[in-house]
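Visitor: My questions all concern the structure below.
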Amino acid sequence: MRRNARSWFIKIALGIICLVFVFFMGGGGQIGGGPVAVAVVDSTEISIADFQRAQLNNQAYYRDLYGDSLSPEMLDALDIPSASLSRLVDTTLMSQEAHRLNLLIPDETVRREIRGIDVFQRNGDFSPAQYRSVLQRQGLSPSAFEASMREEMLVNQLRDVVAQGVIVTEDDAWEEFQRGASEISLSFVQLKSSSFEDAVEVSEEDVELFFEEQGEKWRRAESAGVNYLAYSPESFQGSAGVSEEEIEEYYLLNVDTEFTTEEQIGARHILKRVATDASDDDKAATRTAMEAVASKLADGADFEELAKTESEDSTASDGGDLGMFGRQKMVKPFENAAFALAEGEVSGITETRFGLHLIKVYKRQAPQERKLEDSRDEIRNKLAARKSTDIAFDKAAEASVAMVDGASMEEMAQADGLTIKSTPLLDRDQQIVPGVGRAPSFIEAALALGSKTEVSDPIKAGNTWYVLQLADQQASYVPELADVREEVEAEFRKRGASRLARERADKLLASARESNLADAAKEASLEVGEAGPVRRDNNFIKGIGALPAVVEATFRTTADGELLPRSFVHRGNAYVLARGELSEASREDFDEVKEERLAELERGRSLEAYTAFVNYLKERASITYNPDLVASVRP
């Protein structure tokens, strides 16, 4: 599985096959659950293999989505193991219910769905050879894949039945729109904590007590240093031999996509621009002018010369020459007119969003297939690069297994012609590994090593595979006060300044209640700023930041100028705020986005209905989990 995950076939099929793999090839006992289950849904087992497959494919999906920016913290937040198991249980319940209701998916419907999947097509048509090739490289048989597709479609059919019970009215959408689109402006006075730092008294006793209470804030993360071997594809290019049969096979599989140029034409055009807001009279005048140009062409005038004097396009100085281009390079009406012309032929007046065109095709070039002989070196280099990547992984995997079995890193380095390298101590707060680059997966693997005899699985960073062995580690610890005194004192002063700012804000608020915010601020030599407008569906307040409590308090006020009931602190600074003008959503604005809001609300309520239905199935079902087994196979 790990080796296949690097294949370009996985990448092109990920969007289609991953979902099926996660939820249906791992769908429990109905499709082949193992004897040991991480969960049992009524009589259907979800095996260890199901669970591991779901986790691997979910991880592959997120790594493909986020690349190297997928940090260990993000992975932890996603909680892929729990999400995978939960979705497997949900899908198993839905599948059981679909069968109980005798829902059916005809064979032809399954076949039609499969024929429509892009990865199984060549030149826009379903290719049986491509279909078998992709499945074979995934280790799937057509019958197994078709069975999984049928299960997926069954569950989707039941989900559609549930969604049909959702009713969304225009009044519902209008109410939601009003809640989100109504705005209230705010005025505020900011008391910056930095202005109070010099007023904070710092004593040795205070600092020691503060560190005793808050010492965890300065806790140093666990760290580890490793020795490692780097298996880069470049190191094994000399071993990546490519046979003539492999070159020919690659050419035949990809001749239509990589070695065939599309149909192209060379064309000139004459453009008379029409503004989007032009009146009917202006449009008629432009068409009359273009008709006059067309008449000159019909009488034998030279197209290139006319374009220089009549066209209103930037290409006029070049006689309207657009060069050679293929389909989907021009706006559709222009493309349709141009590709319908024979070489040397001139179009009728063609209208696009830019205006009116006359088009002349001066050259047509049919699709051209590059011969195998002309592509051989390119294919050989591509396959050699792919093979050297495979060899690098294979060598790394062999080294990892051999070292687990007792071989030393020195022996493996000598056998593979590599040099052992080392890192300094690494922790989770780092992203960069010296000598390797940005490699969060490398750091994660280093920290997972428990002893100096433990060896990592091959870890990929960039295009290189690494095998790691622990050299040094340091447990998480809280440093002595003497080592972080400067940081502790700065934090103590910062918090004290924020407290003083809040106290000053409370005094300002009390004064403003006796008059208003503007007068109270003026008396205190402070400035009033303008923030907002704020909306119920957005916690961000321009000029201040994200403060949900302020938004909530603002929409509980009832009159312009009304003070918010208390002061607020954000990033150490204190604020006193007053409500401004309410701007309500208009029906005209709603009408412009009505269809979009209706669809959005329907999607949301459909999801709620689906979740409620699954919860109903869970209440009726007998679901048991094996927590020890689940924990043992979490990555």
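Bear in mind these aren't lab numbers, they're just calculated from the coordinates by the rules spelled out. All figures in this text were calculated on a predicted structure; none of them were measured in a lab. When we count neighbours, we look across all protein chains shown, and the Cβ atoms used for this are built from the backbone with ideal geometry, even at glycine.
Visitor: What share of Cα pairs, in percent, lie more than 22 angstrom apart in segment 144-264?
Guide: 82
Visitor: First measure r as the distance between the Cβ atoms of Lys382 and Arg603, then evaluate 1/(1 + (r/R0)^6) with R0 = 41 Å and state the FRET efficiency to the nearest 0.05.
Guide: Plugging the Cβ-Cβ distance into 1/(1 + (r/R0)^6) gives 0.45.
Visitor: How large is log10 I(q)/I(0) at q = 0.14, 0.15, 0.19, 0.20 Å⁻¹ when the Debye formula is applied to the Cα atoms of segment 263-366, each weighted equally and without solvent?
Guide: The Debye formula, applied to the Cα set alone, gives -0.49, -0.57, -0.91, -1.00.
Visitor: Here is a follow-up. Taking Lys382 as the anchor, which lysines have their alpha carbon closer than 27 Å to its alpha carbon, excluding any fewer than eight residues away along the same chain?
Guide: Those lysines meeting the cut-off are Lys11, Lys371, Lys395, Lys460.
Visitor: When the helices in the chain are scored as -39500 (n - 2.57) per DSSP H run of 4 or longer and the sum is shared across all residues, what 222 nm value do you end up with, to the nearest 500 deg cm²/dmol?
Guide: It lands at -16000 deg cm²/dmol.
Visitor: Okay, moving on. Any idea what the dipole of the chain comes to, in debye rounded to 20, about its Cα centre with Lys/Arg Cβ at +1 and Asp/Glu Cβ at -1?
Guide: It works out to roughly 940 debye.
Visitor: In straight Cα distance, which lysines are under 17 Å from Lys452, not counting same-chain residues fewer than 8 positions off?
Guide: Lys421
Visitor: What is the calculated FRET efficiency for Thr276 to Asp64, with r their C-beta to C-beta distance and R₀ = 30 Å, to the nearest 0.05?
Guide: About 0.15, to the nearest 0.05.
Visitor: To continue, here is another question. Please list the non-local residues whose amide H lies under 5 Å from the amide H of Gly561, H modeled 1.01 Å from N, same-chain partners needing a gap of 5 or more.
Guide: Arg579, Gly580
Visitor: Okay, next question. With mean projected area of the Cα convex hull in nm² in mind, check [x] 48.0; [y] 44.0; [z] 36.7 and report the label derived from this structure.
Guide: [y]
Visitor: Further question on the same structure: Convert each backbone phi in segment 215-226 into a coupling constant with the Karplus relation 6.51 cos²θ - 1.76 cosθ + 1.60 (shift: θ = phi - 60°), then list the ³J(HN,Hα) values in order as whole Hz, x for Gly and Pro.
Guide: Working through the residues one at a time gives x, 4, 4, 9, 4, 8, 5, 4, 9, 8, x, 10 Hz.
Visitor: Estimate the FRET efficiency between Ser127 and Asp42 by the formula 1/(1 + (r/R0)^6), using the beta-carbon distance for r and 45 Å for R0, to the nearest 0.05.
Guide: According to the calculation, E is roughly 0.65.
Visitor: Something else now. Could you tell me how far the Cα centroid of segment 404-461 sits from the Cα centroid of segment 517-548, in Å?
Guide: Cα centroid to Cα centroid, the span is 51 Å.
Visitor: Would you list, by chain and number, the lysines whose Cα falls below 18 Å from the Cα of Lys308, excluding same-chain residues fewer than 8 positions away?
Guide: Qualifying lysines at Cα under 18 Å: Lys272, Lys296, Lys360.
Visitor: Taking square-rooted eigenvalues a ≥ b ≥ c of the alpha carbon gyration tensor, is segment 57-164 rounded, prolate or oblate, where a/c under 1.5 means rounded and, failing that, a/b exceeding b/c means prolate?
Guide: It is oblate, given that a/c is not under 1.5 and a/b is not larger than b/c.
Visitor: While we're looking at this one, here's another question. Starting from the 7 Å offset along Cα-to-Cβ, what nm value, one decimal, do you get for the label separation of Glu216 and Val119?
Guide: 4.5
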